[in-house]
Ligand SMILES: [Zn+2]
């Protein structure tokens, strides 16, 4: 792997705040770009399998073991030493490297060619996968979208997933890891042929990212926007904001466009209190504020036996489960001791609508059309 650092053709800037110009900082990335993904933060044991040549290094980069394969060996930590297949390795930090695309299987799941293990103490250790960005993206596409998604929509997803990964890298360049298997994007470790649609979408957009005014920005996306996208400031406290949202006509026939969720008032009270509220018997829940650009509820008023409580609807969505209350575009009705939520869309609605992008792909739009539609004012650039 090339370790020489050189600047990218596109000077990358990171937009951290609402006013991008106030928070810009130029950062150089090494090429090829490598990301660090936390696979386990705290585990007591993992099964390692490698069908090919490998090397184990200690924390100082000294070779401590070389081999031609590992057949399902248990890696465990005892005090400050690693043991592999009951043999002491003699280090509290080790790196396993393979060559020529040979996978490192952890608990049966295939990962890229470099895995770092560090003992945390009390017999537990962490595992961080150092993986080339383009390979990481194949696993992200597998984690985020179905493999029968139209190719151009898949390519649009590859570009925004790459942009989000670069954003994460620039935001935390010195951290041990910048992403996990679920945050900020879902990663699925799968054994893929280079001819798979995921690999093809990544390959055909290699190095392509989105920028806004020369800034790499967090390219949020959601499953079904429900008709209009949303400002990120209506979902999260502080973030970078694109200046426009859009009306999306493409997801209106998506099967997940409408949803209902009902919960008993007793159970609702329990869940809200578990989330940090202090409320009594609930008598009503009413949307108080709505987004200026969509039908999404931003704030709710909950009337109960101990008084009146205001809640951000996004907080309530998380407290009740984001797969139950699928969006904040909902109404609430009280029926027979239950609160019945009826809504549209799935997800926060910021940025690209995956169902809409798939429909645009089916209708013959290319990935550039899709990206320009969902991120107005953004530019498509290539890292070389
Ligand atoms: Zn949509």
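Per-structure values
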{"read-out": "Relative frequency of Cα-Cα separations exceeding 21 Å in segment 308-384, percent", "value": "49 percent"}
{"read-out": "Extension gain from residue 310 to residue 379, taking 0.36 nm per residue of separation minus the Cα-Cα distance", "value": "20.9 nm"}
{"read-out": "Distance (nanometres) between label positions extended 7 Å along Cα→Cβ at residue 65 and residue 180", "value": "2.8 nm"}
{"read-out": "FRET efficiency, residue 102 to residue 293 (Cβ-Cβ, R0 41 Å, nearest 0.05)", "value": "0.25"}
{"read-out": "149, 219 arranged by Cβ crowding within 10 Å, fewest neighbours leading", "value": "149, 219"}
{"read-out": "Contact order relative to length of the chain, as percent, for alpha carbon pairs under 8 angstrom and 6 or more apart", "value": "17 percent"}
{"read-out": "Euclidean distance of C-alpha centroids, segment 105-145 and segment 274-304, integer Å", "value": "39 Å"}
{"read-out": "Length released on extending from residue 253 to residue 281, taking residue separation times 0.36 nm less the Cα-Cα span", "value": "6.2 nm"}
{"read-out": "Dimensions in Å of the chain - Rg and Dmax from alpha carbons", "value": "23.4, 69"}
{"read-out": "Extension reserve of the residue 336-residue 322 stretch, reckoned as 0.36 nm per residue once the Cα distance is removed", "value": "2.7 nm"}
{"read-out": "Proxy reagent accessibility, fewest Cβ within 10 Å first, across 140, 325", "value": "325, 140"}
{"read-out": "Euclidean distance of C-alpha centroids, segment 334-384 and segment 34-85, integer Å", "value": "40 Å"}
{"read-out": "Nearest-ten-degree value, helix 133-144 long axis tilted from longest Cα axis of the chain", "value": "40 degrees"}
{"read-out": "Angle in degrees between helix 265-274 and the longest Cα principal axis of the chain, rounded to the nearest 10", "value": "50 degrees"}
{"read-out": "Taking 372, 344 and counting other C-beta atoms within 10 Å, the order from fewest to most", "value": "372, 344"}
{"read-out": "Degrees separating the helix 151-171 axis from the principal Cα axis of the chain, which is the longest one", "value": "80 degrees"}
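Values quoted throughout were computed directly from the atomic coordinates according to the rules given, and no laboratory measurement underlies them. The model shown is predicted, which means the values in this text are computed figures rather than measured ones. Using ideal geometry, Cβ is built from the backbone for each residue, glycine included, and neighbour counts are taken over all protein chains shown.
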